[in-house]
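Here the structure is laid out as C-alpha cells; the discussion comes afterwards.
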Amino acid sequence: MTPTVSASGLSLRYGGTRALDDVSLRLTRGVTGLLGPNGAGKTTLLRVLATAVPPDRGAFTVLGHDPATSRGRQDVRRSLGYLPQTPGFHPDFTAFEFVDYVAILKELTDRGARHREVRRVLEEVDLGDVRGRRIKRLSGGMRQRVALAAALVGDPGFLVLDEPTVGLDPEQRMRFRELIAQAGEGRTVLLSTHQTEDVAMLCNRVVVLAGGQVRFDGTPAELTARAAGQVWSSTERDPGALAGWRTGTGSFRNLGDPPTGADLLEPTLEDGYLLTLDGAGAEVAAA
Amino acid sequence: MNTVMEATAPPVVHSEPRRPWAAVFALARFEARDLLRYIPVLVALVVYIGYILWGLLSEREGMDAFPALQDVDRGTQSAPFLLGIALLVCVNRAALRSRRRGTDRHFDVLVMEPWRRTVAHVLSVVPFAVLTALVVLGEFTWEALKPGAVGHGSVAELAVGPLYVMLCGALGVLFARLVPTVFAAPLLVLGLFTLSVFVSAGTSDAEWSRWLSPVVGENSTETLPSDLIGRPAAWHALYLVGLVLLAATVAVLAGGGRTWHVKAGVAGALALTLTGAVAQSGGVSPELTAARERATATPEKEQSCIRHGASTYCAFPEWTGRTGTWAGVVDRVQALAAGSAAKEQLLVRQRFDATYGLTGDTTIAPLTAPHQVTVGTRWGGNRVPEFAAAVASVLVAGDEAKGGELCDGRMVTVMWLALGGAADPIGDLKNVRLDDSLSGSAIVLAPTNPLSMSAGQTSVTVELLKRPRAEVTAAVKEHWGELTAPGVSTAQVARVLGAEAPKGADECEA
C-alpha cells in the first residue's frame with residue numbers, strides 16, 4: 001500500500017525568507033488539516049505539492065508520480081484537484097462553462113463524458129440547478145462551490161484546498177464543510193485553514209506548520225491532548241500565562257503552565273494548536 | 001520537526017493515455033464558441049456576411065452580370081477587413097482572460113501546459129478563417145456561375161481573405177503573450193495602420209513595400225487576361241502563410257513552449273515569410289512585360305476570331321464566349337441603319353493597353369483601319385452603349401478615328417443608331433455621357449477616344465429617342481444618304497427627321 005503523497009525534506013526560499021524548511025509528510029486517504037498562522041508556509045507547501053512551484057530541495061511523489069520530471073509532473077496534475085486561496089473566475093462564463101473549461105484543461109477530451117462529469121460535480125456541490133447561470137450572478141458561497149466543483153472534476157485522487165472557507169458566512173461554511181467531508185471519502189484531501197473548527201469537524205489528521213516547519217503531525221485528538229493540564233480559568237489575566245483572554249462569562253482563559261491550584265479547564269483543539277506554536281504564535285493567534 | 005505518517009491508501013492510477021492535442025482542439029472549439037460572444041466579432045461577422053449577401057443578391061444594372069473572374073478573386077480580399085480587426089482585438093482579450101481574471105495561478109497547475117493553451121487560442125481563429133474561406137468561395141462560385149462570367153480565378157488570390165483573418169487572430173494571441181494588457185491590441189491596430197501609411201509614403205508606394213501589406217489593392221479598374229495580370233499572388237499567399245505561422249510560433253514560444261520543435265517552427269516560418277516577401281517584390285518579369293506589349297500592340301497574334309452573321313469578332317481566349325453578346329449589339333445597331341452600313345462586314349477587335357499592368361488606367365488609340373471597331377475587356381452597364389456608340393460611329397464615319405472627330409449633324413445619326421434600339425434609350429444616353437446629362441454639350445464615352453455632342457445635337461437626339469422607334473427608324477432609313485453625308489448640319493438632320501433644330505446646333509462645344 002502506497003501513501004497518496006510522500007514528501008521528504010522539502011525546502012523553499014523566497015529571497016531571504018525560508019518559506020519551507022525540511023518538511024516531510026506522508027498523506028493518506030481522508031482529510032488532513034494544515035494549520036498555521038499567516039506566513040507559516042501553508043500556501044507555499046500547497047503550491048509545491050500542487051506542482052505550481054518546485055522545491056529548492058527535497059522530493060515528493062503524488063500517487064507514485066515524481067513531479068521532478070516533466071512527464072511525472074503531468075501525471076501528478078492528472079491526479080490533482082486544486083482550489084487556490086483566492087480562486088479566480090471568468091464571470092461571463094456560466095458555472096457549467098467554467099467547470100467544463102477546467103475539465104478541458106485537465107485533458108478530459110471526450111465531450112459527452114466530460115459534460116456528464118461536469119454535471120456530476122456540479123450536482124455534487126449542489127449547483128445543478130444554477131449551472132446555466134453566469135458566474136457574475138452567483139453569490140460568493142456559490143462561486144466558492146463552483147471552484148470546488150472545478151477542483152473535483154475528473155475525480156482527482158489528491159485534493160488540495162487552500163483556505164476554502166474564508167469569507168463564507170456560518171451557514172455557507174457549514175455547507176462547505178459537508179462538501180469537503182463528502183469529497184474526502186475515497187480520496188486524499190489536504191485542507192489548509194486558519195479555522196480550528198474546520199479541522200475539528202472535518203479532519204482525521206492535522207499538521208501544524210509554523211516558520212516553514214512542521215510543528216505537529218497527528219490526529220486532532222492528539223493535538224487537543226497536548227493542551228491537557230495547560231488551560232485554566234482565572235478572574236484576572238494570569239501574567240504567567242503564555243496567552244490569556246477574557247471569555248464571554250467574564251473570566252479569563254489562560255494557556256501555559258498553570259499555577260498550583262489553578263482551576264483547570266477541558267482543552268480544545270485550538271488550545272492545543274496555540275500551545276504548539278510555542279507561545280509567540282499563541283500570542284498572535286490569541287490576539 | 002519531521003514526521004512520518006504510515007497509514008496507507010490504494011493509489012489511484014490513471015491508466016488511459018494522455019491525449020494532449022485532443023484537449024487542445026477541444027479548448028480551441030470552446031474558445032471559438034466563446035469568441036462569438038464578443039460583440040465586435042458578432043457585429044463584424046454579421047456586417048461581413050450581410051455585405052456579401054447584399055452584393056450578391058441585390059439586382060443591379062451594370063457589369064455585375066459579366067464578371068471577370070481574375071478581378072472577382074481579388075475583389076474578395078477587402079471585405080473581411082473589419083472581421084480581422086475584431087478578431088485581433090477579441091482574441092487578444094480572450095488570450096488574456098486568465099491573467100485578467102486571476103485564474104492563471106489555478107490553471108497553471110492543470111494538465112494542459114500554458115503553451116498548449118496558446119496554441120488553442122490561435123486555433124480558435126481557424127473556424128473564422130474557414131468561414132471566411134467559405135464566404136469567399138461562395139462569392140466566387142456565385143460569380144463564376146453567371147452566364148456572362150469570363151476568365152480564371154486564382155486560388156492564391158482567394159486565399160488572401162482567410163489568411164488575413166488567420167493572421168489577425170495570430171497577431172492578437174502574439175500580442176497577448178508579449179504585452180499582457182488588453183490595451184495593446186487596439187494600439188497595435190493603430191500602430192500598424194500608421195506604420196503602413198508611413199511606409200507607403202516613405203517608399204513612394206514601391207512594389208516591395210506595397211506587397212508587405214496583407215491585402216494589396218490595385219488602382220486600375222481595367223480588366224486584363226489572367227496571364228497578363230502579373231500579381232505575385234502565390235508568393236504573397238506564401239508570405240501570409242509565413243506571417244501566420246511566425247506569429248503563432250513566436251506566441252507559443254513566448255507562452256512557454258520552448259521546445260526545439262517550436263524553435264524550428266519559428267525558423268521555418270521566418271524562412272517562409274522572407275521567401276515570400278523577397279519573391280513577391282521582384283516586380284514584373286521581362287517575359288511578362290513582353291507579353292503585355294505583344295497583347296497591346298499586336299492583339300491579333302493572341303486572339304481567336306469568330307464569325308457571327310456578316311461580322312467577325314476577335315477576342316482573347318478568355319473572352320471568346322462573349323462574342324455572341326457583342327454581335328447582338330452590332331446587329332441591333334445595324335438594324336437601324338440603311339444602305340451599305342446595314343450590311344457592313346465589321347471586324348470587332350478586343351483591345352486594351354496592358355503596358356503598365358494594373359497600375360494605371362490608360363486610353364487606347366482609336367483604330368484607323370476601315371470598318372474595325374474596338375471592344376474592351378469589361379462588359380455590361382455603360383460599356384454596352386459605349387460599344388454601340390463606337391459601332392455606330394464606324395458605320396457612319398467609316399473608321400474609329402474619324403468617328404471620334406465627328407463634329408456635324410452625323411453625330412445625331414450616330415447616337416440614334418447607338419441607342420435607338422436599346423431597351424431604355426434615354427437612360428443609356430444619360431449613362432453614356434460623361435456628365436450623365438440630357439442637355440447641353442457633353443463627352444460621349446467609347447472604348448477608345450470619346451465622341452462629343454453639342455447642345456443642339458443632344459436636344460435633337462433626346463427628341464428622337466423619345467419618339468416612336470418605328471417612325472424615326474423609317475425616316476432615318478429613308479434619308480440615310482443625307483443624314484450620313486459629311487458636313488451635314490444638325491439643323492438639316494433635325495429638319496429631315498422632323499425634329500426641332502435649336503440655334504447653334506452645329507457647334508461642337510465639348
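The values are calculated or read from the model by the stated rules, or taken from the named source; none is laboratory data. Every value quoted in this text rests on a predicted model; they were computed, and no experiment measured them. All Cβ positions, even for glycine, are placed from backbone atoms using ideal geometry, and neighbour counts span all protein chains on display. To get the accessible areas, we keep the full protein, side chains included, count just its heavy atoms, and leave off ligands, DNA and RNA. Shrake-Rupley method; radii C 1.70, N 1.55, O 1.52, S 1.80 Å.
Taking the 1.4 Å solvent-accessible surface of region B:164-240 as the whole, the part contributed by carbon and sulfur is 72%.
Expressed per residue, the C-alpha convex hull volume of region B:235-350 stands at 147 Å³. When the P(r) is computed for region B:298-376, the part past 20 Å accounts for 36% of the Cα-Cα pairs.
The loop-placed trypsin sites (Lys or Arg not before Pro) in region B:231-316, going by DSSP, that have at most 14 neighbouring Cβ atoms within 10 Å of their Cβ come out as B:ARG258.
Using Cα-Cα distances under 8 Å and only pairs 6 or more residues apart, what relative contact order does chain B have, in percent?
Details: 827 pairs, mean separation 60.5, N = 510.
Across chain B, relative contact order equals 12 percent.
Note on exposure: B:TRP480, B:TRP379 ranked by accessible area (1.4 Å probe, complete protein assembly) read B:TRP480, B:TRP379, with the most exposed listed first.
Within chain A, the proportion of C-alpha pairs whose separation exceeds 29 Å stands at 39%.
If I fit a long axis through the Cα atoms of helix B:383-397 and take the longest principal axis of the Cα atoms of chain B, what angle between them do I get, 0 to 90°, rounded to 10? The angle comes out at about 30 degrees.
May I ask you to give the solvent-accessible area per residue for region B:18-283, in square angstrom, as obtained with a 1.4 angstrom probe? Walk me through the numbers before you get to the answer.
On the way: 11790 Å² over 266 residues.
That works out to 44 Å² for each residue.
Which residues' amide hydrogens lie under 5 Å from the amide hydrogen of B:ILE306, considering only partners 5 or more residues apart or on another chain, with H built in the peptide plane? Distant-sequence amide H within range of B:ILE306: B:TYR313, B:CYS314, B:ALA315. Once each part is reduced to its C-alpha centroid, what is the distance from region B:182-258 to region B:47-98 in angstrom? Between the Cα centres of region B:182-258 and region B:47-98 lies a distance of 17 Å. Inter-part distance, region B:382-426 to region A:113-157, computed on C-alpha centroids, equals 79 Å. Between A:ARG134 and A:ASP110, how high is the FRET efficiency from 1/(1 + (r/R0)^6) when r is the Cβ-Cβ distance and R₀ = 30 Å? Nearest 0.05. It comes to 0.70.
Using alpha-carbon pairs under 8 Å, 6+ residues apart, how would you state the relative contact order of region B:300-497 in percent?
On the way: 348 pairs, mean separation 38.3, N = 198.
Answer for region B:300-497 is 19 percent.
For region A:73-81, putting each phi into the Karplus relation 6.51 cos²θ - 1.76 cosθ + 1.60 with θ = phi - 60° gives couplings of 4, 5, 5, 4, 5, 5, 9, 10, x Hz, in residue order, rounded to whole numbers and with x for Gly and Pro.
Note that region A:153-161 has calculated 3J(HN,Hα) couplings of 5, x, 6, x, x, 10, 10, 10, 10 Hz, one per residue in order, obtained from phi through the Karplus relation 6.51 cos²θ - 1.76 cosθ + 1.60 (θ = phi - 60°); glycine and proline are x. D by Stokes-Einstein for region B:37-163, Kirkwood Rh over Cα pairs, 25 °C, 0.890 mPa s: 147 µm²/s. Annotation: the antiparallel percentage among DSSP beta bridges lying fully within the protein assembly as shown is about 60.
I'd like the FRET efficiency for B:ASP64 and B:ARG307, computed as 1/(1 + (r/R0)^6) with the beta carbon distance as r and R0 of 30 Å, rounded to 0.05. Using R0 = 30 Å, I get an efficiency of 0.55.
Its relative contact order, with pairs defined as Cα atoms under 8 Å and 6+ residues apart, puts chain A at 21 percent. The solvent-accessible area of B:SER78, taken with every protein chain present and a 1.4 Å probe, is close to 80 Å². The mean of 1/r over all pairs of different alpha-carbon atoms in region B:18-283, once inverted, gives a Kirkwood hydrodynamic radius of 19.6 Å. Proximity of backbone amide H atoms, modeled 1.01 Å from N, is registered between A:VAL160 and A:GLY81, A:TYR82, A:LEU83, A:LEU190 at under 5 Å, excluding neighbours fewer than 5 places apart on the same chain.
Please report Rg over Rh for the protein assembly as shown, where both radii come from the alpha carbon positions and Rh follows the Kirkwood definition. Reported Rg/Rh (Cα atoms, Kirkwood Rh): 1.27.
For region B:300-497, take the alpha-carbon Rg, divide it by the Kirkwood Rh, and send me Rg/Rh.
Reported Rg/Rh, Kirkwood definition of Rh: 0.95.
Residues with beta-carbon under 14 Å from that of B:PRO366, excluding B:PRO366: net charge, scoring Lys, Arg +1 and Asp, Glu -1?
Values: positive: B:ARG349, B:ARG351, B:LYS402; negative: B:ASP353, B:GLU386, B:ASP399, B:GLU400, B:GLU405.
Local net charge: -2.
Rounded to the nearest 10 degrees, the angle from helix A:170-183 to the longest Cα principal axis of chain A is 60 degrees. Rolling a 1.4 angstrom probe over the protein heavy atoms with all chains in place gives region B:300-497 an accessible area of 37 Å² per residue.
Compute, for region B:420-501, the length of the dipole vector about the Cα centre, with Cβ point charges of +1 (Lys, Arg) and -1 (Asp, Glu) only. Units Debye, rounded to 20. List each step's numbers first, then the result.
Values: 7 positive and 9 negative charges, 13 e Å.
In debye, rounded to 20, region B:420-501 gives about 60.
Residues B:TYR38, B:TYR51, ordered by accessible area of protein heavy atoms at a 1.4 angstrom probe radius and largest first, appear as B:TYR51, B:TYR38.
Am I reading the A/B interface right? What is its buried accessible area, both sides, 1.4 Å probe, to the nearest 100 Å²? Walk me through the numbers before you get to the answer.
Numbers: alone 13650 and 24280 Å², together 33420 Å².
Interface between A and B: roughly 4500 Å².
Taking amide hydrogens as placed 1.01 Å from N in the peptide plane, the amide H of A:ARG26 sits under 5 Å from those of A:ALA7, B:MET5, each at least 5 positions away in sequence or on another chain. Between A:ASP92 and A:ARG13, the contour length at 0.36 nm per residue exceeds the Cα-Cα span by 24.7 nm.
3J(HN,Hα) couplings calculated from phi for region A:245-253 with the Karplus curve 6.51 cos²θ - 1.76 cosθ + 1.60 (θ = phi - 60°) are, in sequence order, 8, 7, 8, x, 7, x, 8, 9, 9 Hz; Gly and Pro show x.
The alpha-carbon of B:LYS402 sits under 25 angstrom from the alpha-carbons of these lysines, leaving out residues fewer than 8 places away in its chain: B:LYS343, B:LYS430, B:LYS477. Angle of helix B:260-280 to the longest C-alpha principal axis of chain B, folded into 0 to 90 degrees and rounded to 10: 20°. Just the protein heavy atoms count here, and of the accessible area of chain A at 1.4 Å, carbon and sulfur take up 46 percent. Counting Cα-Cα pairs of chain B in 10 Å increments starting at 0 gives whole-percent bin shares of 4, 16, 21, 17, 14, 11, 8, 5, 2, 1, 1, 0, 0. Working value for region B:102-187: equivalent-ellipsoid semi-axes of 38, 14, 9 Å, each the square root of 5 times a Cα gyration tensor eigenvalue, largest first. Taking every alpha-carbon pair in region B:203-267 and binning the separations at 10 Å intervals from zero gives 18, 35, 25, 15, 7, 0 percent. Under 28 Å Cα to Cα from B:LYS263, which lysines show up? Leave out anything in the same chain fewer than 8 places away. Counting by Cα, and skipping residues close in sequence, B:LYS263 has these lysines nearby: A:LYS106. When the other protein chains are added to the chain by itself, burial of at least 30 square angstrom of heavy-atom accessible area (probe 1.4 Å, ligands and nucleic acids ignored) affects these residues of region A:42-57: A:ARG47.
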